[in-house]
Amino acid sequence: MPKSRRELLTADDVREVTFSSPPIGERGYRRDDVDDLLRRIEERLESHNRLSAQEVRTAVFRPPPLFRRGYHEDQVDEFLDRAVVAIQSLESG
């Protein structure tokens, strides 16, 4: 069942999201890379750019620098799945 527009991810959701660090022993996604994509998603949801759902779906993040942990990959991936749905809704009119 498709989500209503009210339940779709908003620019405010993107601004307010936080991610945990991955478990000890895992590096996660590089924070700068994720933050850059989140800024683009926020702008897209506010209709300021043409970021496509495909670009979000195929985004690749570098690992963080050695001896540092980035964002928890599962949390980021789940949030980006929601972003794809919201952007697809905009793309379909």
Requested in this report: Return the only residue of D13, D35 being closer than 14 Å to A86 by Cα and of a type outside the set (A, V, I, L, M, F, W, C).
Outcome: D13
Requested in this report: Might you check whether a residue that is at positive phi, at pLDDT below 95 and of a type in the set (G, A, S) occurs anywhere in segment 28-42?
Outcome: no
Report summary line: Condition set out of contact with any helix residue (DSSP H, G or I) (no Cβ under 8 Å at 6 or more places or on another chain) and either acidic (D, E) or in a loop (DSSP other than H, G, I, E, B) (or both), scope segment 27-42, selection farthest from H72 (Cα to Cα): answer is D36
Query - Looking only at segment 12-22, and only at residues there that are touching a residue at least 12 places away in the same chain (Cβ under 8 Å) and outside any helix (DSSP H, G or I), the one that is nearest to L51 (Cα to Cα) - result: V17
Query raised in the report: Here are A59, A83: which of them is of a type outside the set (K, R) and part of a helix (DSSP H, G or I)?
Result: A83
Query raised in the report: Is there a residue in segment 50-62 that is at pLDDT 95 or above, touching an Asp or Glu at 6+ places or on another chain (Cβ under 6 Å) and of a type outside the set (A, V, I, L, M)?
Result: yes
Requested in this report: Filter segment 7-52 down to residues that are surrounded by fewer than 16 Cβ atoms within 10 Å (Cβ to Cβ), within 12 Å of L90 (Cα to Cα) and of a type in the set (K, R), then give me how many there are.
Outcome: 1
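The values are calculated or read from the model by the stated rules, or taken from the named source; none is laboratory data. All figures in this text were calculated on a predicted structure; none of them were measured in a lab. Positions of Cβ are generated from backbone atoms using ideal geometry, with glycine treated the same way; all protein chains shown enter the neighbour counts.
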